[in-house]
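The values are calculated or read from the model by the stated rules, or taken from the named source; none is laboratory data. Please read all numbers here as calculations on a predicted model, not as lab measurements. Every residue, glycine among them, receives a Cβ derived from its backbone with ideal geometry; neighbour counts consider all protein chains shown. Areas reflect the complete protein model, heavy atoms only, side chains present, ligands, DNA and RNA absent. Shrake-Rupley method; radii C 1.70, N 1.55, O 1.52, S 1.80 Å.
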Amino acid sequence: MKELNLIPYELKKKRDKEISAYRAILYGIIAIFIILVMLYIPNIVLNYYISERNQLKLAIDDNNSVSNEKGNLISEINSYKIYTEKIDSIKRGKILLSDKIRGIQKFVPKDLTIKTLTYNNKVITINGTTNNYNSISEFVANLQLTDNYKNARINSITNSQGASSSYDFDIVIN
């Protein structure tokens, strides 16, 4: 309870004392609040930067996985390109046997029989048999008169003697 004092100077002094006490308490609370805010704001900023750093690390890790996947895809694409280029070069360099031997039948004499015809490393080998020795020379001469088979030559002729005399031959065309 308050005392009743009728002396105005004392009352004023007492009231000024109370007001200054209230002000001191208020200033103390404000100072404590400011100190707490000043101490807490750096923690808030620090936590914000830590969370930003973590988010950036996650983004970088995501980008690294995308970058690694990109590298894998690029190497796979390059291997497919190399494979495609090899196939294209094989297709360009491929010589069809049918194209190479087309028309040979026109040059074969009637009494000559072709047993085997092989194509290996740009060399055509013809193995056959005939009863007429001159048919072999005629066949090679016919081949040499063409543009495609100019390099035809007789590799070997063997006489296989049996009931009837026949000749086995090998012709090579480079």
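Between beta-carbons, use under 11 Å as the cut-off and find the net charge around GLU85, counting Lys and Arg +1, Asp and Glu -1. Residues near GLU85 contribute +3 overall.
Using θ = phi - 60° in the Karplus curve 6.51 cos²θ - 1.76 cosθ + 1.60, the 3J(HN,Hα) couplings for segment 18-27 round to 5, 5, 5, 5, 4, 5, 4, 5, 4, 5 Hz; x is entered for Gly and Pro. Go through [x] 166, 32, 20; [y] 196, 45, 14; [z] 67, 39, 25 and flag the label whose value is the computed Cα extents along the principal axes in Å for this structure. After the calculation, the listed value that fits is [x]. Only helical runs count toward this figure. For the chain, summing -39,500 (n - 2.57) over DSSP H runs of n ≥ 4 and dividing by all residues gives -21500 deg cm²/dmol at 222 nm. Under 14 Å of direct C-alpha separation, and excluding same-chain neighbours fewer than eight residues apart, LYS14 reaches these aspartates and glutamates: GLU3.
Model label sites at LYS115 and SER165, defined 7 Å from Cα along the beta-carbon direction, differ in position by 1.9 nm. Note on the chain: with a GNM built from Cα contacts shorter than 10 Å, the maximum mean-square fluctuation among SER20, SER89, SER75 falls on SER20.
Accessible surface for segment 54-157, divided over its residues, is 76 Å² per residue with a 1.4 Å probe. Between the helical axis of 133-144 and the longest alpha-carbon principal axis of the chain there is an angle of about 40 degrees.
Ranking of TYR133, TYR9 by solvent-accessible surface, largest first: TYR9, TYR133 (1.4 Å probe, protein heavy atoms only, all chains present).
Assuming R0 = 41 Å, can you tell me the calculated FRET efficiency for the pair ASN174 and ILE74, based on Cβ-Cβ distance, to the nearest 0.05? The value I calculate is 0.35. Relative to the Cα centre, the charge distribution of segment 59-174, modelled as +1 at Lys and Arg Cβ and -1 at Asp and Glu Cβ, gives a dipole magnitude of about 520 debye. The slack between ASN132 and LEU26, meaning 0.36 nm per residue of separation minus the straight C-alpha distance, is 24.6 nm. Of the accessible area of the chain, computed with a 1.4 Å probe over protein heavy atoms only, carbon and sulfur atoms account for 58 percent. Given SER98, ASN132, THR113, which one lies farthest toward the positive end of the charge dipole of the chain, if we put +1 on the Cβ of every Lys and Arg and -1 on the Cβ of every Asp and Glu? Highest projection toward the positive end goes to SER98.
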